[in-house]
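The values are calculated or read from the model by the stated rules, or taken from the named source; none is laboratory data. All values reported here derive from a predicted model rather than from experimental measurement. As a convention, Cβ positions derive from the backbone with ideal geometry for all residues, glycine included, and neighbour counts pool all protein chains shown.
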Amino acid sequence: MVAAAPKTFTIGTRQSKLALFQTDLVLEALKKAFPQYEYKILSKETAGDLNTTIALKDFTSKNLWTEELEELMIGGTVDLIVHSLKDVPTLLPSTCKLGPTMPREDSRDVLVVKQGLPYKNLSEIPAGSVVGTSSIRRTAQLARKYPHLKVQDVRGNIGTRLSKLDAEDSPYTCIILAAAGLLRLDLSDRITQYLDSKSSGMLYAVGQGALGIEIRKDDTVLGEMLDKICHQDTTYSVLAERSLLRTLEGGCSAPLGVETEWVESAGSKKLRMRSVVVSVDGKECAEVEIEGDVDSAESAEAFGVTVAKALVADGAGAILEAIQENKNKQNVSAST
């Protein structure tokens with residue numbers, strides 16, 4: 001009698017060096033926990049990879065980095081997808097869901113100064129200098145905290161952005177990136193300053209530093225497997241952050257910054273979330289800091305809603321409405 005071949009799970013991912021590295025993290029964790037199975041990787045470019053000239057804020061779609069891979073999973077070609085969670089829209093296709101996630105890398109943004117320049121932090125950057133970023137969240141927070149600096153769009157993977165920064169004819173004095181990508185690619189030597197609420201007044205993106213592992217909604221086998229390799233604190237933190245973003249209906253283009261941490265309070269462990277919504281010109285701002293009891297997926301989702309309501313009460317709703325109105329006007333102008 002011939003033994004049955006072991007089941008093979010196919011993992012979908014983008015083709016960038018960082019995406020493949022992150023996929024290997026999940027692959028190795030699954031191999032260690034479930035050595036009885038086979039695993040293979042299928043990589044594919046997405047719309048966001050293929051078009052690097054349009055600014056992210058000008059795309060009408062929110063699933064730039066996910067749609068092509070989700071189509072492969074829905075069609076049965078891949079069984080799970082590994083994303084950078086900050087790139088995953090808060091609303092997924094009806095047959096897909098996010099599984100639990102693994103330990104989070106450093107979630108902060110970082111300042112990267114052009115090689116050869118002496119500046120050590122954002123506050124030292126001279127007035128009129130150009131900061132490279134493609135993020136509306138970073139642009140808004142820079143306008144609020146560092147209005148003397150100019151922002152210019154920069155696209156491409158990490159290596160491409162660093163090359164654009166360091167080029168002799170580069171317009172950029174510095175760029176802002178996620179710490180996680182540089183750390184995972186062993187590029188920590190390029191980090192000039194870690195940015196957070198205390199050091200720079202800058203909050204990071206929802207889900208930043210975490211891996212989004214997407215599976216089919218009815219795949220109970222993979223769901224149970226991910227439970228075995230997941231990190232509960234990370235999973236609950238990002239569920240709360242994504243619930244906040246979903247409730248505000250800002251999607252990936254909202255200038256929403258968050259900062260979450262687990263704290264001991266009155267003998268119990270609570271999740272503390274700081275969150276800010278800033279108008280693109282930096283002149284309007286809603287900001288809250290709240291602690292909550294989070295000990296399940298349901299309570300994490302509920303906590304995100306609580307924070308969202310507090311932000312709206314502080315003026316976030318009006319800021320987001322104004323941004324959407326301006327975007328609608330731009331879309332009408334572009335189509336006429």
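Evaluate the following for Arg216: is it in contact with a helix residue (DSSP H, G or I) (Cβ under 6 Å, 6 or more places away or on another chain) and either over 15 Å from Leu142 (Cα atoms) or surrounded by 18 or more Cβ atoms within 10 Å (Cβ to Cβ) (or both)?
Numbers: in contact with a helix residue (DSSP H, G or I) (Cβ under 6 Å, 6 or more places away or on another chain): no; either over 15 Å from Leu142 (Cα atoms) or surrounded by 18 or more Cβ atoms within 10 Å (Cβ to Cβ) (or both): yes.
For Arg216, the condition - in contact with a helix residue (DSSP H, G or I) (Cβ under 6 Å, 6 or more places away or on another chain) and either over 15 Å from Leu142 (Cα atoms) or surrounded by 18 or more Cβ atoms within 10 Å (Cβ to Cβ) (or both) - is not met.
Give the residue that is modelled with the lowest pLDDT, with candidates limited to residues of the stretch 142-166 that are part of a loop (DSSP other than H, G, I, E, B) and of a type outside the set (Phe, Trp, Tyr). Outline the logic, then answer.
Within the stretch 142-166, the subset part of a loop (DSSP other than H, G, I, E, B) is 146-149, 153-157.
Those still in the list that are of a type outside the set (Phe, Trp, Tyr) too: 147-149, 153-157.
Values: Pro147: 96, His148: 97, Leu149: 97, Asp153: 94, Val154: 94, Arg155: 83, Gly156: 88, Asn157: 89.
For the stretch 142-166, the residue satisfying everything is Arg155.
Arg138 - would you say it is within 23 Å of Lys283 (Cβ to Cβ) and surrounded by 17 or more Cβ atoms within 10 Å (Cβ to Cβ)? If you could, list the steps in order and put the result at the bottom.
Numbers: within 23 Å of Lys283 (Cβ to Cβ): yes; surrounded by 17 or more Cβ atoms within 10 Å (Cβ to Cβ): yes.
Considered against the rule, which asks whether it is within 23 Å of Lys283 (Cβ to Cβ) and surrounded by 17 or more Cβ atoms within 10 Å (Cβ to Cβ), Arg138 comes out as yes.
Being surrounded by 12 or more Cβ atoms within 10 Å (Cβ to Cβ), at negative phi and touching a strand residue (DSSP E or B) at 6+ places or on another chain (Cβ under 7 Å): is that true of Lys327 here? Spell out how you get there, then give the answer.
Details: surrounded by 12 or more Cβ atoms within 10 Å (Cβ to Cβ): yes; at negative phi: yes; touching a strand residue (DSSP E or B) at 6+ places or on another chain (Cβ under 7 Å): no.
For Lys327, the condition - surrounded by 12 or more Cβ atoms within 10 Å (Cβ to Cβ), at negative phi and touching a strand residue (DSSP E or B) at 6+ places or on another chain (Cβ under 7 Å) - is not met.
Name every residue in the stretch 50-83 that is modelled with pLDDT of 90 or more and either loosely packed, with under 14 Cβ neighbours inside 10 Å or outside the structural domain of Glu38 (by TED's automatic domain parsing) (or both), in order of residue number.
Residues satisfying the conditions are Gly75, Gly76, Thr77.
If only one of Lys97, Lys114, Lys145 is within 19 Å of Glu241 (Cβ to Cβ) and either of a type outside the set (Gly, Ala, Ser) or crowded, with 16+ Cβ neighbours inside 10 Å (or both), which one is it? Explain how you work it out, then say what you get.
Details: Lys114 fails: within 19 Å of Glu241 (Cβ to Cβ); Lys145 fails: within 19 Å of Glu241 (Cβ to Cβ).
Of Lys97, Lys114, Lys145, the one residue that is within 19 Å of Glu241 (Cβ to Cβ) and either of a type outside the set (Gly, Ala, Ser) or crowded, with 16+ Cβ neighbours inside 10 Å (or both) is Lys97.
Just to be sure I understand the filter: pairs with C-beta atoms under 6 Å, separated by 6 or more residues or on different chains, first member in the stretch 26-47 and free of Cβ contacts under 8 Å to residues at least 40 places away in the same chain and within 23 Å of Asp87 (Cα to Cα), second member surrounded by 14 or more Cβ atoms within 10 Å (Cβ to Cβ) and of a type in the set (Gly, Ala, Ser). Which pairs pass?
Leu42/Gly12
Among the residues of the stretch 232-273, what is the count of those that are closer than 30 Å to Thr133 by Cα and either without any contact (Cβ under 8 Å) to a residue 12 or more places away in the chain or not in a helix (DSSP H, G or I) (or both)? Write out each step before concluding.
Taking the stretch 232-273 first, the residues closer than 30 Å to Thr133 by Cα are 233-262, 271-273.
Next, only the ones that are either without any contact (Cβ under 8 Å) to a residue 12 or more places away in the chain or not in a helix (DSSP H, G or I) (or both) stay: 249-250, 254-262, 271-273.
Summing the residues that are closer than 30 Å to Thr133 by Cα and either without any contact (Cβ under 8 Å) to a residue 12 or more places away in the chain or not in a helix (DSSP H, G or I) (or both) in the stretch 232-273 gives 14.
Which is on the phi < 0 side of the Ramachandran plot and over 16 Å from the mean Cα position of the chain (by Cα), of Leu165, Leu92? Walk me through how you get there before you give the answer.
Working: Leu92 fails: over 16 Å from the mean Cα position of the chain (by Cα).
After applying the criteria, what remains is Leu165.
Picking from Glu301, Glu259, which residue would you name as being more than 20 Å from Arg137 (Cα to Cα) and within 19 Å of the chain's Cα centre (by Cα)? Lay out the reasoning, then the answer.
On the way: Glu259 fails: more than 20 Å from Arg137 (Cα to Cα).
Matching residue, one of Glu301, Glu259: Glu301.
Has the stretch 182-199 got at least one residue that is within 19 Å of the chain's Cα centre (by Cα), in a helix (DSSP H, G or I) and β-branched (Val, Ile, Thr)?
no
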